[in-house]
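**Q** I'd like to ask you about the structure that follows.
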Amino acid sequence: MKPAAAVGLLAFVAVGYVFWTAQAPQVLGVHPETETVPSNLLRLYVDFSRPMAGDDAFEHLQLLDSSGRPIEDAFREIELWSRDNRRLMLYVHPGRVKSGLALGDQLGPVIEQGKTYTLRLLPGMKGRNGRPSTSSFARPLQVCGPDHEPPDVGRWTLRATPERLEVDVDEWLDHAGLEDFLSVEGVQGRWRAEGRQALFFPSRRFAPGEYRLVVDARLEDLAGNNFIRPFETPSGATPLPSDRPAAVSRPFRVR
Amino acid sequence: MIGNISLAVVAALGLVALGLTPPQENVSLLVALKFDAKGTLYAADAKGDRVLAFAMDEKEARAKPVSIASLGEQLKKALDAGADPVSVHDIAVHPVSHAIYISASKKGAAGSTLFRVNGDKLEKVDLAKPTAVALPTGARPFDLVVISKDVVVSSMNRDKTFGSTLHRIALPLKEGGIATSETEIYHTSHKRWETKTPLVAMAGFSAGGQDYVMGSTACTPVVRIGVGDVADKKKIQTQTIVELGSRNAPVSMLVYTQKNQPTLLVTNNKEGAYKVAAPVLVEKAKLNEQAVNRGAGVPIEVVDAWKGVKRTTLLDAASAVAIKDDGGTLSLVTLPLP
């Protein structure tokens, strides 16, 4: 074989390998972005770089305690994927988050205040293209006290300019909800959620005047409390009121 | 010419290497199957979040017991699963031909394949274009019931909210005719009303001129819902009639008539099926806060012969066909109704 041909073949193989490995799915991140979570944390999201196959998530997911041991029954093992199969929604097992359930009585809560845990994704979870993920991912979680309080739009900070509205929320909220459950009455535009901040970019610059931020009352915090009521309703409480609010709102001014 | 062919081959190989696969617009993941009395198959599609209806004309035939010990092996071969395991999503029996249909997929597949049982073999079914009704955005279906004039579907949100909903679609199926209700369930184990837990298994029955759905959440109150109560944008307070306990997630529910009374059978992931006595099923007084827990004097029988049974459906008035999982070995069995 001529040297030039050998070099060409090697280059071809190298480029092919790079392409091949580039198609392996990777974990892009975990929501919430904060590492400090309430002890009654309900939900996490894992974002992937490619559409995933599904059906094998819980074989590659672990919640480790501070000594590195996997916690049994940590998640409700129903795979809930976004429509594009790039986002996996994980429920910390509700049977151990809600108080008074037999599963929680038997096994205790999944996570406890003051302790540290690690969400670990092992390599091997398959993408829809058949490629397994090749690297592991770890995310530490520091647990603070429980959160039984609904979010409060009155404590949010709103800053508006003609180009955009910045909303700083009062606590960490559900990431997907923050992307989809906010609107500005009568104004078209797009939302982007970044941590505890939601940004709204109107399709046309805001004209000076009064506006109203509208929040779907189903928007939840990390513990599943929403604007309608806390995640856990006290014993003996009646069902949801039939006149419960569909939305809450806050006025703001653009100068 | 040879150059062009070579280029095409290299391009095709390149696409494969890049993992670019053709769009899968027609792929569906049929996680729940039910026939109506005339032989239309209704399916919950968890890929497209839709309810599909397929006309399945078949010749009349009597019900015959069926047994396929090698079901798992046959499915692996038919689905080209290799070393990957296969999942059976649901099973249904055609009301006219009594032919058995099975929805299955290999692990990680985007969609499912529908099979028809022929003797002790499986045949792939080429599905015609279905009638489809889309569920609201983000509603991932779990189970469905076909009863009298309606299809009732349970779902859970894929994101944003931890919510449980029921959808009622009037028959015949047509786009847009869907009513969605939020469910609120009383959990006797921790004495709370909740809107958060989806009904993962359901069955329908009629009593006293009314249509009902029995449903169970994963943790595990059994509730009754009047089909007429499922109306658009309405909150439904379900009626909890019994609590089955924890760590026994329901897989499938059957309601059948025994001694002129509806009887409920719940297969689960832990032990034999739970047979719920008829008086409890039609209970009118001891509901919600007064509902009783299994083991607290409630006549609920654990049917050991049904241990390992996952999805199941009635074959005739006296027997059911079921997918049985014995330590990972899947079989198709016919079982007498307990």
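**Q** Under a 10 Å cutoff between Cα atoms, tell me which one of B:113, B:137, B:188 has the largest fluctuation in the Gaussian network model of chain B.
**A** Result: B:137 has the largest fluctuation of those listed.
**Q** Turning to a different aspect of this structure: Out of every Cα pair in segment A:25-144, what percent are spaced more than 18 Å from each other? Don't skip to the answer; put the middle values down first.
**A** Numbers: 3511 of 7140 pairs.
Summing the P(r) tail past 18 Å for segment A:25-144 gives 49 percent.
**Q** In a Gaussian network model over chain A where Cα atoms closer than 10 Å are linked, find which of A:166, A:72, A:220 has the largest mean-square fluctuation.
**A** A:72
**Q** Report the residues of segment A:24-58 in range of a label on residue A:168: point 7 Å along Cα→C-beta, backbone N strictly under 18 Å from it.
**A** A:33-34
**Q** Restricting attention to the alpha-carbon atoms of segment A:1-48, what are Rg (one decimal) and Dmax (integer), both in Å?
**A** 21.5, 67
**Q** Going Cα to Cα from residue B:286, which aspartates and glutamates come in below 16 Å? Please leave out same-chain ones fewer than 8 positions away.
**A** By straight Cα distance, residue B:286 reaches B:243.
**Q** Roughly what angle does helix A:3-22 make with the longest principal axis of chain A, taking Cα atoms, 0 to 90 degrees, to the nearest 10?
**A** In chain A, helix A:3-22 runs at an angle near 20 degrees to the longest axis.
**Q** Only Cα pairs under 8 Å and at least 6 apart count here; give the relative contact order of chain B as a rounded whole percent.
**A** Relative contact order of chain B: 13 percent.
**Q** Just check segment A:108-188 against the gyration tensor rule for me: Cα atoms, a ≥ b ≥ c as the square roots of the eigenvalues, rounded for a/c under 1.5, and otherwise prolate or oblate depending on whether a/b exceeds b/c. Mind showing how you got there, number by number?
**A** Details: a/c = 3.07, a/b = 1.43, b/c = 2.15.
Verdict is oblate for segment A:108-188.
**Q** What is the Cα centroid distance between segment A:15-60 and segment A:121-184, reported in whole angstrom?
**A** Here the answer is 14 Å between Cα centres.
**Q** So how tilted is helix B:2-18 from the main axis of chain B? Cα-based, degrees 0 to 90, rounded to 10.
**A** Helix B:2-18 sits at roughly 30 degrees to that axis.
**Q** For the cross-link pairs B:38/B:59; B:191/B:233; B:47/B:76, which exceed 18 Å when the distance is taken from alpha carbon to alpha carbon?
**A** Numbers: B:38/B:59 12 Å; B:191/B:233 26 Å; B:47/B:76 21 Å.
From B:38/B:59; B:191/B:233; B:47/B:76, over 18 Å: B:191/B:233; B:47/B:76.
**Q** Around residue A:170, under 11 Å between beta carbons, what's the net of Lys plus Arg minus Asp minus Glu among the other residues?
**A** That sum, taken over residues with Cβ under 11 Å, equals -3.
**Q** Still on this structure: Leaving out same-chain residues fewer than 8 places away, which lysines sit with a Cα under 19 Å from that of residue B:234?
**A** List returned: B:196.
**Q** Suppose R0 equals 51 Å. What FRET efficiency, 1/(1 + (r/R0)^6) with r the Cβ-Cβ distance, do residue B:27 and residue B:290 give to the nearest 0.05?
**A** The pair residue B:27/residue B:290 has a calculated efficiency of 0.65.
**Q** Kirkwood Rh over alpha-carbon pairs of the protein assembly as shown, then Stokes-Einstein at 37 °C and 0.692 mPa s: what D in µm² s⁻¹, rounded to an integer? Don't skip to the answer; put the middle values down first.
**A** Working: Rh = 26.0 Å.
Calculated translational D: 126 µm²/s.
**Q** By how many nm would the segment from residue A:83 to residue A:35 grow when fully extended, if each residue of separation counts as 0.36 nm and the alpha-carbon distance is taken off?
**A** Result: 14.6 nm gained on full extension.
**Q** Determine the calculated [θ] at 222 nm for the protein assembly as shown from helices alone, applying -39500 (n - 2.57) to every DSSP H run no shorter than 4 residues and normalising by the residue count; nearest 500 deg cm²/dmol. Don't jump to the answer; show the numbers that get you there.
**A** Working: 7 runs with 65 residues, N = 593.
After summing the helix terms and dividing by the residues of the protein assembly as shown, the value is -3000 deg cm²/dmol.
**Q** I'd like the FRET efficiency for residue B:58 and residue B:258, computed as 1/(1 + (r/R0)^6) with the beta carbon distance as r and R0 of 30 Å, rounded to 0.05.
**A** Computed FRET efficiency for residue B:58 and residue B:258: 0.60.
**Q** Restricting to chain B, compute how many DSSP beta bridges are antiparallel as a %, nearest 5.
**A** Counting only bridges with both partners in chain B, antiparallel ones make up about 95 percent.
**Q** Here is a follow-up. Quick check for you: which residues of segment A:123-138 have the amide N under 14 Å from the point 7 Å beyond the Cα of residue A:23 toward its beta carbon?
**A** A:127-133
**Q** In the structure shown, do any of B:106/B:310; B:106/B:324; B:124/B:259 have a Cα-Cα gap over 27 Å, and if so which?
**A** Over 27 Å apart, Cα to Cα: B:124/B:259.
**Q** Find the all-direction average of the projected area of the Cα convex hull for segment B:167-235, expressing the result in square nanometres with one decimal place.
**A** Working: hull surface 21.2 nm².
If you wrap the Cα atoms of segment B:167-235 in a convex hull and average its projections, you get 5.3 nm².
**Q** Below 8 Å, C-alpha to C-alpha, sequence gap of six or more: please give me the relative contact order for chain A in percent.
**A** 18 percent
**Q** Right, next: Looking only at Cα atoms, what is the convex hull volume of chain B per residue, in Å³?
**A** Dividing the Cα hull volume of chain B by its residues yields 164 Å³.
**Q** Let me ask something else about it. With all pairs of different alpha carbon atoms counted, what Kirkwood hydrodynamic radius in Å does segment A:153-254 show?
**A** Taking the inverse mean of 1/r over all distinct Cα pairs, segment A:153-254 comes out at 14.4 Å.
**Q** Quick check: convex hull of the Cα atoms in chain A, volume per residue, rounded to a whole Å³?
**A** 180 Å³
Bear in mind that the values in this text are calculations on the coordinates, not laboratory data. Keep in mind the model is a prediction, meaning the values are calculated, not measured. Here Cβ is always computed from backbone atoms with ideal geometry, including for glycine, and neighbour counts include all displayed protein chains.
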